[in-house]
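What follows is calculated from the coordinates using simple rules that are stated; it is not laboratory data. It should be emphasised that the depicted structure is a prediction, and the values quoted were computed from it without experimental measurement. With ideal geometry, Cβ positions are generated from the backbone for all residues, glycine too; neighbour counts draw on all protein chains shown.
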């Protein structure tokens, strides 16, 4: 059948019956208002009553022409009134009634594992643009100027930049011990390199050790462009310098974390040995860096050591073997590359 305008939606409807218990009176309340007596079918003892003659309306009450006893069967049917039910009956909805894609993920509360069957579709990695994770590293650990070149696909780097260690001080004079050199500072930084192709890298050389009564020299600083800098450790004083201070640890700048290098161990001026040998207490160890310990100070017949870990300080010299201080260790720039 044709319609004018939008086609009405189908609903779930039913005709309503109201049973009424007589109380010996003639006026009874209706559950629903109606506008005309013909809107009702009225039955007394299963005999249909004639509208306007057997009953009339007064507001939302039906008024009977004769009293209704409580033993009478008395009911009305709302003839011209249909009631749309908000909730359809259980099991009344079928698959064909659902529009395609009408049920969204948000409306699905749970799904049994038994329903999750079948093979998963193949997944191609070609469309993945950022898989993350450590991909490669580049290490710069020889003194001088270098160029970092970013590999294809790298988006982020974490750089660890350590300055060189200072040299240990010379032994000075008889019964003296030189101080250890300080370690270089370390700067650690995460850098977005998506718009960077190359970076200038500088690696500091280890400071020279002092010979005789000379102090050790400070090392060279290291840097990764302008992003992160690890400054060098200071040289240790010679053993005839009075207080014989160890070299200062180098500072660091620019990093998300900046670590100061360890100080060199102090030496001593005029430490006389016990009778019969040249053993002394421990003096002049090189300062430890972020990467590890420094060189051993000289003692008796053991010569001082150069710095051991990258950026660590050299050991101070010993009068017991008239040895000089040793050089600090070269710095390092360590670049971890992430996609």
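With the convex hull of its Cα atoms as the shape, the range 207-268 has an orientation-averaged projected area of 4.3 nm². With neighbours defined as other Cβ atoms within 10 Å of a residue's Cβ, the residues 176, 256 order from fewest to most as 256, 176.
Using alpha-carbon pairs under 8 Å, 6+ residues apart, how would you state the relative contact order of the chain in percent? Rounded, it is 18 percent for the chain. Ranked by the mean number of other Cβ atoms within 10 Å of their residues, highest first, the peptides 230-241, 59-70 fall in the order 230-241, 59-70. GNM remark for the chain: springs join alpha carbons under 10 Å apart, and the peak mean-square fluctuation among 32, 146, 285 falls on 32. On the basis of the beta-carbon distance and an R0 of 45 Å, residue 30 and residue 90 show a calculated FRET efficiency of 0.95. For Rg and Dmax of the Cα atoms in Å, the value calculated from this model appears in [x] 22.0, 70; [y] 21.2, 64; [z] 48.5, 145 under label [z]. Counting every alpha-carbon pair across the range 14-84, the share separated by more than 21 Å comes to 15%. For the range 147-194, relative contact order (Cα pairs under 8 Å, six or more residues apart, normalised by length) works out to 48 percent. Take the alpha-carbon centre of the range 296-339, take the same for the range 147-220, and report the distance between them in whole Å. Centre-to-centre distance over Cα atoms comes out at 12 Å. A simple spin-label model places the labels of residue 43 and residue 271 11.9 nm from each other, with each point 7 Å out along Cα-to-Cβ.
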